[in-house]
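Everything below concerns the one structure shown next.
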Amino acid sequence: MSAVIFAITLSIIQRGIQYGTYSETIKTAVRLSTGYLQIQREGYNKSPTLQKSFIEADAIRKALDSSPYIDGSSPRIESDALLSFRDQSLGVLIMGIKPNTESSVTDFSKKIRKGRFLSPDSALSAEPVAEIVVGDKLLKNLGAQVGDSVVALAQGFDGILGNMFARIVGTFATGSNEFDRMGVFMNINELQNFLNMGDRINAIAVSVRDPNELNAVVLHLDRILKPEGLVALPWQEMLPQLRQMIELDDSSGVLYIIVLLFVVGFGILNTVLMSITERFREYGVMLALGMSEKKLAATVALEIFFMLVIGFVAGNCIGVAVNSYLVSHPIMLGGSLAQLYQEYGFAPTLKSSLSFKVFLDSSLTILGISIVAAVYPLWRVLRLEPLKGIRYT
């Protein structure tokens with residue numbers, strides 16, 4: 001029982017932390033970039049250009065607003081540009097967003113370091129220049145300060161090269177070195193005017209209430225989007241590196257479980273075999289008094305079954321308690337370990353999961369190895385002869 005309790009508890013805690021960390025990493029990643037899914041022109045994700053833009057149809061907006069699984073959505077435009085301040089010029093990625101709806105999809109507005117985020121009515125402002133928010137590393141590389149005006153140069157939707165003045169109203173730090181070094185936010189209306197796009201957009205970022213319903217949402221939206229030449233892409237297709245890192249880490253977790261199973265399997269086999277071998281004399285007497293080998297084996301099997309049940313219940317109870325604590329009190333990593341996690345794309349947090357799959361997979365796996373480990377001892381009982389059992393020492 002101790003071996004089963006130890007195996008199930010350790011397996012549940014290990015898999016729970018893995019799945020919980022994955023969920024937290026995915027949530028952090030999509031809330032800082034793509035959203036859980038995006039609506040795009042077909043082919044835009046592989047080769048993004050302004051020409052692969054579209055106008056948001058009423059049917060799309062109605063589908064997004066009426067779905068109970070969708071938490072929010074926000075239109076976007078992305079364009080490469082050159083940002084200049086005095087004698088310094090750097091290549092940047094300008095992202096046009098709608099500030100009042102973007103907060104339902106991403107946490108950009110919560111990552112402000114200095115100044116403020118974009119004003120929702122900046123497009124209606126009487127200011128002579130547009131407002132932008134830039135990454136803190138980009139601001140440092142430009143040698144500018146919050147409040148300075150810069151010049152943006154970019155090729156518009158019609159292919160004409162244009163330029164505009166913009167005033168830096170704030171800086172952000174997302175934790176992604178690449179994005180903090182070249183990311184720029186601008187109100188979507190101002191970017192549309194700058195790029196001569198009219199009402200066209202590149203994508204609609206969407207947030208879902210339950211990530212487990214993501215595939216169902218994608219299938220539902222695809223039926224509406226395909227006639228318009230659009231597709232709904234989940235985060236797995238937009239962030240393939242993150243998906244591959246999670247799959248690789250999950251594989252290492254499976255390898256750990258396999259090693260654990262071998263250790264526990266041999267432990268259970270040794271314990272059950274010793275328990276049965278020590279009672280060979282008792283079994284020999286029972287067989288000599290007329291008990292059949294099958295009934296004896298069934299009795300031993302029932303004993304093993306009850307030990308497994310008690311071990312399973314106790315192991316799952318301990319696993320639930322530990323995982324519940326780690327869900328409500330996640331372990332925040334710091335120092336070089338946190339930096340290592342961030343470099344590999346994982347959130348620097350150890351948070352567990354109470355997903356039913358964690359407990360079911362762990363229990364079924366340990367059950368399988370326990371049954372296999374009990375086969376040989378039961379075979380020994382079936383092959384036991386009364387006289388040999390009585391004389392066994």
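Each value in this text was obtained by applying a stated rule to the coordinates, not by laboratory testing. It should be emphasised that the depicted structure is a prediction, and the values quoted were computed from it without experimental measurement. Please note: Cβ atoms are built from the backbone with ideal geometry, for glycine as well, and neighbour counts cover all protein chains shown.
So the values come out like this:
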read-out	value
Net lengthening on full extension, N212/I371 (0.36 nm per residue, minus Cα-Cα)	54.0 nm
Label-point separation, V263 to T299 (7 Å along Cα→Cβ), nm	3.6 nm
Fewest-first sequence of T21, T49, T271 by Cβ atoms within 10 Å of each Cβ	T49, T271, T21
At 0.692 mPa s and 37 °C, Stokes D of the chain from Kirkwood alpha-carbon radius, µm² per second	130 µm²/s
Listed residue (L333, F185, I13) projecting farthest to the positive dipole end of the chain, Cβ model	I13
Unit charges on C-beta of K, R, D, E only; dipole of the stretch 34-238, Debye	340 debye
K226-S2 pseudo-label distance in nm [points 7 Å out on the Cα-to-Cβ vector]	6.0 nm
Cα Rg over Rh - the stretch 34-238, Kirkwood	0.97
Of K46/K110; K27/K98; K295/K388, those spanning more than 27 Å from alpha-carbon to alpha-carbon	K46/K110
Assigned charges on the beta-carbon of Lys, Arg, Asp, Glu; the chain dipole about Cα centre (debye)	1240 debye
Most positive-pole-ward Cα, L242, S176, L118, against dipole of the chain from beta carbon charges	L242
17 Å reach of a label modelled at I331, 7 Å along Cα-to-Cβ, counting backbone N of the stretch 1-38	9-25
Where labels lie 7 Å past Cα in the beta-carbon direction, separation of E282 and I55 in nm	8.5 nm
Efficiency of FRET from Cβ geometry, D250 and W379, R₀ 30 Å, rounded to 0.05	0.25
Radius 12 Å from Cβ of L333, net charge of other residues (Lys, Arg +1; Asp, Glu -1)	0
Whole-Hz ³J(HN,Hα) from phi, Karplus 6.51 cos²θ - 1.76 cosθ + 1.60, for the stretch 89-96, glycine and proline x	10, 9, x, 9, 10, 8, 10, x
Only Lys, Arg (+1) and Asp, Glu (-1) charged, at Cβ; the stretch 1-153 dipole about Cα centre in debye	440 debye
Ranking of R15, R223 by count of other Cβ atoms within 10 Å, fewest first	R223, R15
Mean Cα-pair separation over length for the chain, i.e. relative contact order, pairs under 8 Å, 6 or more apart, %	27 percent
Mean-position separation - Cα centroids, the stretch 1-61 and the stretch 359-393, in angstrom	43 Å
For F194, F179, order by how many other beta-carbon atoms lie within 10 Å, fewest first	F179, F194
